[in-house]
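The values are calculated or read from the model by the stated rules, or taken from the named source; none is laboratory data. Since this is a predicted model, take the numbers as computed values, not measurements. Reconstructed Cβ throughout: ideal geometry from the backbone, glycine too, with neighbour counts over all protein chains shown. SASA here: full protein model, heavy atoms, side chains in, ligands and nucleic acids out. Shrake-Rupley method; radii C 1.70, N 1.55, O 1.52, S 1.80 Å.
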Amino acid sequence: NCTGFCVFAVTVNGLPQIDCPAFMEACESDLPVLLDTAYPDGGEYSGTGVTFDGTNYWFNPAGGVGTYLITFCYIDPVTLCSNCCEFNFTVYPTPDVECPDDFVVCIDQTPFALTGATPAGGTYAGAGVSGGVFDPAAAGTGDHVITYTYTSADGCTGICEFMITVIEVIVVCPDDM
């Protein structure tokens, strides 16, 4: 009945300190978003819509409207202990914006408010446009592209264009009799 024993030390390392953003957001029409807000640098991101290009992690909002769970994990290079945190990435819809049909006006027509684009509440821009009013004389004769821009409450922007053609007034008088 012999017994033996040994003594050894166990080192318990603490988890690395990490920090994830509270959330991130983008519009579905935005370009891919660089994921670089978690701490410390050098961790790995994962989740639906996340890609790695060999240097950086990206989230592509073109994957669709919704909320995506993103995980960030970091391994301490000294202790080899790892820790992870999670955050939501919300993708908002790009507003559906529609412009009125193209139309023609005479150069001597009185300036008029531009209407017909939806949803209401956006802004019109282009030659002859000021404060949502189109002035044919200021625009001059020819074809003028008018841009309508609408930004939703989520901060997403939709754009459409239409054409206003301004024509010269031609008066034809009969020959003197």
Taking the alpha-carbon centre of each part, the distance from the range 33-98 to the range 120-177 in Å is 43 Å
The range 71-147, accessible surface, carbon-and-sulfur percent (1.4 angstrom probe) | 52 percent
Normalised Cα Rg of the range 50-149, dividing by 2.2 N^0.38 Å with N its residue count, works out at 1.95
Give the accessible area for residue 145 in Å² (nearest 10); use a 1.4 Å probe, count only protein heavy atoms, and leave out ligands, DNA and RNA.
-> 70 Å²
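Over the range 1-131, calculate the relative contact order: mean separation of alpha carbon pairs under 8 Å at least 6 apart, over the residue count, as a percent. Numbers along the way, then the final one.
Values: 195 pairs, mean separation 32.3, N = 131.
Dividing the mean separation by the residue count of the range 1-131 yields 25 percent.
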Between residue 19 and residue 137, what is the label-to-label distance in nm when each label sits 7 Å out along the Cα-to-Cβ direction?
-> 6.1 nm
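Leaving out ligands, DNA and RNA, and with a 1.4 Å probe, what % of the accessible surface on the range 1-48 is carbon or sulfur? Intermediate values should be presented prior to the final figure.
Details: 2100 of 3840 Å².
Taking all protein chains in place, the range 1-48 shows 55 percent carbon and sulfur surface.
What's the extension gain from residue 109 to residue 1 if we count 0.36 nm per residue and subtract their Cα-Cα distance?
Here the segment from residue 109 to residue 1 would lengthen by 27.5 nm.
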